[in-house]
Amino acid sequence: MYGYMIVLALFDTCFLDWVLFPNIRRVRLPGTEHMDREYHQKWFHVKAMFPEIPVFAVGGLLIALIMTWIW
């Protein structure tokens, strides 16, 4: 589960935050269409992802325990 959550976070950061939202204005959140400079800040998105890694570890452990209990 931890690996799955890390891959999902990498997809979110690398594809959605770096490729999709900065380049296609139609998919941006309403009210943020004018924030071109903020959407192109790649280092901001990477720094925002780092604190999530321990949270993913705890979440992955909880999900693994739940799945073990169910099976």
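The residue pairs whose first member lies in the stretch 9-24 and is free of Cβ contacts under 8 Å to residues at least 24 places away in the same chain, whose second member is surrounded by fewer than 16 Cβ atoms within 10 Å (Cβ to Cβ) and part of a helix (DSSP H, G or I), and whose beta carbons are closer than 8 Å, counting only pairs six or more residues apart or on different chains, are Leu20/Val27; Phe21/Val27; Pro22/Asp36.
All conditions in (1) open to solvent by 90 Å² or more (accessible area, probe 1.4 Å); (2) of a type in the set (D, E, K, R); (3) in contact with a helix residue (DSSP H, G or I) (Cβ under 8 Å, 6 or more places away or on another chain) hold for Asp36, with the sole exception of (1).
Among the numbered conditions (1) touching a residue at least 60 places away in the same chain (Cβ under 8 Å); (2) in contact with a Ser or Thr (Cβ under 9 Å, 6 or more places away or on another chain), the only one that Glu38 does not meet is (1). Applying the criterion of being assigned to a helix (DSSP H, G or I) and open to solvent by 90 Å² or more (accessible area, probe 1.4 Å) to the residues of the stretch 1-30, the residue that is modelled with the highest pLDDT is Phe11. Within the stretch 41-61, can you find the residues that are in a helix (DSSP H, G or I), free of Cβ contacts under 8 Å to residues at least 40 places away in the same chain and open to solvent by 100 Å² or more (accessible area, probe 1.4 Å)? Correct list: Trp43, Phe44, Lys47.
The values are calculated or read from the model by the stated rules, or taken from the named source; none is laboratory data. The shown structure was predicted, so the numbers you read here are calculated from the model rather than taken from an experiment. Counting neighbours? That spans all protein chains shown, and the Cβs are built from the backbone with ideal geometry, glycine included. Keep in mind that these areas ignore ligands, DNA and RNA; they rest on the heavy atoms of the full protein, side chains included. Shrake-Rupley method; radii C 1.70, N 1.55, O 1.52, S 1.80 Å.
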